[in-house]
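J.: Mind having a look at this structure? Questions to follow.
The values are calculated or read from the model by the stated rules, or taken from the named source; none is laboratory data. On a predicted model such as this, the values are computed, not experimentally measured, just so you know. So basically every Cβ, Gly included, is an ideal-geometry build from the backbone, and we count neighbours across all protein chains shown. The protein model used for the area step is the full one, side chains on, heavy atoms only, and it has no ligands, DNA or RNA in it. Shrake-Rupley method; radii C 1.70, N 1.55, O 1.52, S 1.80 Å.
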Amino acid sequence: PQKIAAVDVIKNINMLKTLSIPIIGIVENMSYVQCTDGQKIYLWGKDLVNEIAKKYEIEFLSEIPFIPQLTQEMETGNFLINENKKIFIDLAKKISNKLNLIPSSSS
């Protein structure tokens, strides 16, 4: 969501559109920190990725929070916190549905 990262995203969108490569959607990584009280603190600002998605008519698929232990969880495949696992399962379902890999009634 940082402005310099947004420039890269826009360049990539334009390149993929020029090459007629379909874009499934946009995922925002390290978007926020989830506090224990449920509050989300947006590290780099909020809504820039949504604005890009709307401008280029691309679906915004997910926000992935900044989770310090996530790197270890991803390396081992052992999600220590079920909420972390749920974020990725929900994203995988959205992508699968967009690719028509699973019936939409299964999501």
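J.: Can you find a residue that is closer than 26 Å to Leu99 by Cβ and open to solvent by 60 Å² or more (accessible area, probe 1.4 Å) anywhere in segment 32-43?
T.: Quick first cut of segment 32-43, residues closer than 26 Å to Leu99 by Cβ only: none.
Checked segment 32-43: no residue is closer than 26 Å to Leu99 by Cβ and open to solvent by 60 Å² or more (accessible area, probe 1.4 Å).
J.: If you don't mind, there's one more thing I want to ask. Among the candidates Glu63, Glu51, Glu57, Glu73, single out the residue that is in contact with an Asp or Glu (Cβ under 9 Å, 6 or more places away or on another chain) and either exposed (fewer than 12 other Cβ atoms within 10 Å of the Cβ) or of a type in the set (Asp, Glu) (or both). Let's see the steps before the verdict.
T.: Numbers: Glu51 fails: in contact with an Asp or Glu (Cβ under 9 Å, 6 or more places away or on another chain); Glu57 fails: in contact with an Asp or Glu (Cβ under 9 Å, 6 or more places away or on another chain); Glu73 fails: in contact with an Asp or Glu (Cβ under 9 Å, 6 or more places away or on another chain).
Going through Glu63, Glu51, Glu57, Glu73 in turn, just one is in contact with an Asp or Glu (Cβ under 9 Å, 6 or more places away or on another chain) and either exposed (fewer than 12 other Cβ atoms within 10 Å of the Cβ) or of a type in the set (Asp, Glu) (or both): Glu63.
J.: In this structure, is Pro22 in contact with a helix residue (DSSP H, G or I) (Cβ under 9 Å, 6 or more places away or on another chain), open to solvent by 90 Å² or more (accessible area, probe 1.4 Å) and without any contact (Cβ under 8 Å) to a residue 12 or more places away in the chain?
T.: Details: in contact with a helix residue (DSSP H, G or I) (Cβ under 9 Å, 6 or more places away or on another chain): yes; open to solvent by 90 Å² or more (accessible area, probe 1.4 Å): yes; without any contact (Cβ under 8 Å) to a residue 12 or more places away in the chain: yes.
Taking the combined requirement at face value, the residue satisfies it.
For (1) touching a strand residue (DSSP E or B) at 6+ places or on another chain (Cβ under 9 Å); (2) of a type in the set (Lys, Arg); (3) not in a loop (DSSP other than H, G, I, E, B), each residue gets a yes or a no:
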| site | (1), (2), (3) |
| --- | --- |
| Met30 | yes, no, no |
| Ile52 | yes, no, yes |
| Ile58 | yes, no, no |
| Leu61 | yes, no, yes |
| Asn84 | no, no, yes |
| Ala92 | no, no, yes |
| Ile95 | yes, no, yes |
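J.: Still on this structure, please answer the following. Could we say that Asn82 is modelled with pLDDT under 85 and either of a type outside the set (Lys, Arg) or surrounded by 14 or more Cβ atoms within 10 Å (Cβ to Cβ) (or both) here? Give the steps one after another, and end with the answer.
T.: Values: modelled with pLDDT under 85: yes; either of a type outside the set (Lys, Arg) or surrounded by 14 or more Cβ atoms within 10 Å (Cβ to Cβ) (or both): yes.
Criteria met by Asn82.
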